[in-house]
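The values are calculated or read from the model by the stated rules, or taken from the named source; none is laboratory data. Not measured: the values here are computed from a predicted model. Don't worry about glycine lacking a Cβ; one is built from the backbone with ideal geometry, like all the others, and counts go over all protein chains shown.
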Amino acid sequence: MSLEEEEVPYELPDLPQFSAIECNKMSIIGRLVNPDCQKIKDLILDMPRKWQVYDIVRGVALSSTMFQFIFKYEHDLEEVMRKRVWTFNEWSIVIDRWMEKPPEDYLKYLLVWVQIRNIPVNHYTKEAIEAFGDFVGRVDVVAFDPSKAQTQDYVRVRVFFDVSRPVRKTKVINLPSGETVTLRYDFERLQKRCFHCQRLTHEKDKCPVLI
């Protein structure tokens, strides 16, 4: 074949022996958030230990940044998904259940609980708290019931957080009364981040804002 000849793509047969879909249904897919500080090989060996499923889950390195874990039991898979966020080498990883045809934003978001403090007393409603939560991510759950006692000085919201964005610590709110209040946000189970731009994707000495 000469260099000028066009190579014909191989048509993969649509046969059961060529498909891993059934196996994939019991798996999660994930990606590293900070590949400079996270190695796939070590993650494949270490995460089953963290999940306490060492002998009943199989890890697969899909690329230098993507991975898969195939579970034997559904309840183990669901437990790992329920306990998100997970970290490896103290940096976050994004995981989700396998999808045959994932959406464009697949593995772009962390599902994470955030504590909101300094909520103004005259706006202690579920709707207002959801609006406050939207400043850190798309709100999935507001853990607030106005009919029950609240013993903590914060309200928790679960949000889909875009890992390419900075981790917000505060937000200034102008109230209808003319007063101003500063909300404070604390992300649960997040560990390392850039101390300059507050992103999860790199350390401070590699921050693109400083370079």
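Test Val136 against the stated conditions and say whether it is outside the structural domain of Ile28 (by TED's automatic domain parsing), out of contact with any Asp or Glu (no Cβ under 6 Å at 6 or more places or on another chain) and closer than 27 Å to Glu203 by Cα. So Val136 fits the description; yes. The numbered conditions (1) at pLDDT 95 or above; (2) surrounded by 12 or more Cβ atoms within 10 Å (Cβ to Cβ) are all true for Ile56 except (1).
For every residue, the table says whether it meets (1) farther than 17 Å from Val85 by Cα; (2) modelled with pLDDT under 95.
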{"residue": "Val157", "(1), (2)": "no, no"}
{"residue": "Ile173", "(1), (2)": "yes, no"}
{"residue": "Tyr185", "(1), (2)": "no, no"}
{"residue": "Glu188", "(1), (2)": "no, no"}
{"residue": "Cys194", "(1), (2)": "yes, no"}
{"residue": "His202", "(1), (2)": "yes, no"}
{"residue": "Leu210", "(1), (2)": "yes, yes"}
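Looking across the range 118-144, the residues that are closer than 19 Å to Gln198 by Cα and either in contact with a Cys (Cβ under 7 Å, 6 or more places away or on another chain) or exposed (fewer than 15 other Cβ atoms within 10 Å of the Cβ) (or both) come down to Asp134, Arg138. From the set of residues in the range 39-74 that are within 19 Å of the chain's Cα centre (by Cα) and of a type in the set (S, T, N, Q), which is nearest to Ile21 (Cα to Cα)? Only one residue tops the list, namely Gln68. Of all residues in the range 75-102, those satisfying the criterion of being surrounded by fewer than 19 Cβ atoms within 10 Å (Cβ to Cβ) and more than 15 Å from the chain's Cα centre (by Cα) are His75, Asp76, Glu78, Glu79, Asn89, Met99, Glu100, Lys101, Pro102.
Just a yes or no: is a residue in the range 177-197 among the aliphatic types (A, V, I, L, M) and loosely packed, with under 11 Cβ neighbours inside 10 Å?
No, the conditions are met nowhere in the range 177-197.
For the range 40-98, the strands (runs of 3 or more DSSP E) that sit wholly inside it and include 3 or more residues that are free of Cβ contacts under 8 Å to residues at least 24 places away in the same chain are 57-61.
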